[in-house]
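For reference, the structure discussed in these notes is given below.
The values are calculated or read from the model by the stated rules, or taken from the named source; none is laboratory data. Just so it is clear, the structure is predicted and the values come from calculations on it, not from any experiment. We place every Cβ from the backbone using ideal geometry, glycine too, and count neighbours over all the protein chains shown.
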Amino acid sequence: MKTANDLRQGKRIEVLDELRGFTLLGIFLINIPYLADVMSDSQPALKIFLTILVEDSARPLFAVMFGISMVLIYDRTLEKNQNPYPLLLRRLLILGFAGAVHGTMIWSGDILFKFAMAGFILLLFMRLPSLWLFISGLAFWLIYTVGMDIFNHYSPYVLDISVFLKDSLPAAANFPGYEYVLIEAEAMSLHLGFFLLGMYFYRVNILALTASHRNKLWVASAVLFTIGTAGKTALFYEINSPAVNGLETFYPFILTLSVLFGVLLWGTTQNSASSLLLPFKPIGRMTFTNYLIQSLVFVTLFTTGRSIFVEIGIWNEPSYFFALSIGMLLFALQMVFSWLWMKKFYFGPFEWLWRIGTHGKIVPIQRKPYE
């Protein structure tokens with residue numbers, strides 16, 4: 001029989017699954033114009049609206065979720081009196097391999113490889129107390145990521161980590177695909193603060209805080225949303241102001257924090273409103289599978305793929321509305337598919353393979369009839 005604590009823990013994990021599914025939608029909304037290679041002059045009002053709301057904010061939210069999941073797996077493994085580091089290393093190696101294949105052979109907009117690279121660095125922070133995770137995350141975000149943008153805006157010089165890394169390597173160290181790795185490493189480094197803050201949020205039990213400080217967090221979410229959207233709107237329209245200049249990575253993450261708090265509060269409300277997020281739970285539990293499916297479907301329909309997918313698509317440079325319609329239809333089908341799949345199985349197809357590689361053994365996937 002499940003205890004009250006087990007039920008509360010289960011509810012908390014469900015909310016994280018819902019948030020992960022919600023985040024996947026945001027990532028997909030960002031990717032659609034690039035996956036479909038929409039017409040460059042296609043800037044309808046809806047595209048502008050979604051760009052301001054989602055661009056540069058969904059990916060940091062995904063990074064926060066990744067940081068949360070890293071610590072969650074670490075703690076759960078420790079609870080079983082096992083060493084979590086070999087397990088996490090295998091998990092990250094598999095993710096990195098999948099990301100490399102996805103990014104080099106399917107579509108260039110991959111995020112899995114850079115997340116895997118980040119994971120190896122996050123292992124160094126696993127034992128830090130919450131305060132130091134907060135300080136580290138804040139420092140990487142404000143001093144490194146935002147600081148670099150401010151420096152590049154006001155200075156005649158340009159800081160580019162990938163160029164620095166490339167120049168620091170001897171010519172003999174150049175290997176096939178090394179430039180791809182360096183570019184991904186730079187993108188990963190700019191997100192390190194978000195990963196670390198995700199770890200911090202888990203360590204301070206952010207879900208418990210949503211129960212004990214609901215009113216304050218609702219107010220904080222609203223204030224952050226206002227500041228974030230105002231700043232991103234000014235950035236989009238290239239308004240020249242000291243309050244905006246060089247803050248391309250500041251305002252987007254402010255909006256990210258607003259969405260993080262808002263969705264967690266929404267998902268933990270004690271009324272029927274929280275049920276509106278339930279459709280995101282199955283797709284959130286199959287994020288890996290659905291993320292790859294989105295790429296495979298779009299590079300098959302549109303001429304944006306790599307390797308064997310080059311030029312096999314049906315459409316080239318569609319309108320934004322057409323690509324968005326295809327994308328929303330696909331996402332709706334994925335929600336239905338994920339719901340049906342999770343009724344029969346414990347894991348998504350790729351999640352299952354990932355789990356087998358992580359644990360080094362076959363794990364059951366099919367649910368028992370009475371579950």
Matching residues in segment 230-267 - criterion: being buried (at least 19 other Cβ atoms within 10 Å of the Cβ) and hydroxyl-bearing (Ser, Thr, Tyr): Thr249, Tyr251, Thr256, Ser258
Pick from segment 329-362, criterion more than 26 Å from Met105 (Cα to Cα) and among the charged types (D, E, K, R), ranking: surrounded by the fewest Cβ atoms within 10 Å (Cβ to Cβ): Lys361
Condition broken by Ala208, with the remaining ones in (1) more than 23 Å from Met148 (Cβ to Cβ); (2) small (Gly, Ala, Ser); (3) surrounded by 14 or more Cβ atoms within 10 Å (Cβ to Cβ) satisfied: (3)
Test: residue in segment 268-291 that is in contact with a Leu (Cβ under 9 Å, 6 or more places away or on another chain), farther than 17 Å from Ile68 by Cα and without any contact (Cβ under 8 Å) to a residue 60 or more places away in the chain: no
Residue check for Leu35: surrounded by fewer than 21 Cβ atoms within 10 Å (Cβ to Cβ), touching a helix residue (DSSP H, G or I) at 6+ places or on another chain (Cβ under 9 Å) and either among the aliphatic types (A, V, I, L, M) or in a helix (DSSP H, G or I) (or both): no
Lone qualifier among Leu235, Leu209 - being without any contact (Cβ under 8 Å) to a residue 24 or more places away in the chain and in contact with a Pro (Cβ under 9 Å, 6 or more places away or on another chain): Leu235
Residue within segment 222-229 that is surrounded by fewer than 16 Cβ atoms within 10 Å (Cβ to Cβ), of a type in the set (Ser, Thr, Tyr) and either at pLDDT 95 or above or within 20 Å of Leu61 (Cα to Cα) (or both) present: yes
Verdict on Asn174 being surrounded by fewer than 16 Cβ atoms within 10 Å (Cβ to Cβ), at pLDDT 65 or above and polar (S, T, N, Q): no
Test: residue in segment 320-328 that is loosely packed, with under 14 Cβ neighbours inside 10 Å and in contact with a Ser or Thr (Cβ under 9 Å, 6 or more places away or on another chain): yes
Among (1) under 15 Å from Val297 (Cβ atoms); (2) at pLDDT 95 or above - the single one Trp315 does not satisfy: (2)
Unique match (being modelled with pLDDT under 95 and not aromatic (Phe, Trp, Tyr)) among Leu61, Leu19, Leu35: Leu35
Residue selected from segment 289-304 under the condition under 15 Å from Met328 (Cβ atoms) and among the polar types (S, T, N, Q), by the criterion surrounded by the most Cβ atoms within 10 Å (Cβ to Cβ): Asn290
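Criterion first (surrounded by 15 or more Cβ atoms within 10 Å (Cβ to Cβ), of a type outside the set (Asp, Glu) and touching a Ser or Thr at 6+ places or on another chain (Cβ under 6 Å)) does Val146 satisfy it?
Spelling it out, Val146 is indeed surrounded by 15 or more Cβ atoms within 10 Å (Cβ to Cβ), of a type outside the set (Asp, Glu) and touching a Ser or Thr at 6+ places or on another chain (Cβ under 6 Å).
Looking only at segment 227-250, filter to residues that are of a type in the set (Val, Ile, Thr) and not in a helix (DSSP H, G or I); which one of those is farthest from the chain's Cα centre (by Cα)?
Among them, the one singled out is Ile239.
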Which numbered condition Phe125 fails, given (1) surrounded by fewer than 17 Cβ atoms within 10 Å (Cβ to Cβ); (2) at pLDDT 95 or above: (1)
Boolean, Pro252 is farther than 24 Å from Leu329 by Cβ and touching a Lys or Arg at 6+ places or on another chain (Cβ under 7 Å): yes
Test: residue in segment 77-99 that is surrounded by fewer than 18 Cβ atoms within 10 Å (Cβ to Cβ) and of a type in the set (Asp, Glu): yes
Count - residues of segment 88-138 that are in contact (Cβ under 8 Å) with a residue 12 or more places away in the chain, under 17 Å from Gly198 (Cα atoms) and charged (D, E, K, R): 1
Selected residue [at pLDDT 95 or above and closer than 25 Å to Ile13 by Cα] from Leu207, Leu217: Leu217
Residue that is in contact with a Ser or Thr (Cβ under 9 Å, 6 or more places away or on another chain) and either crowded, with 18+ Cβ neighbours inside 10 Å or without any contact (Cβ under 8 Å) to a residue 24 or more places away in the chain (or both), where the choices are Val71, Val54, Val64: Val64
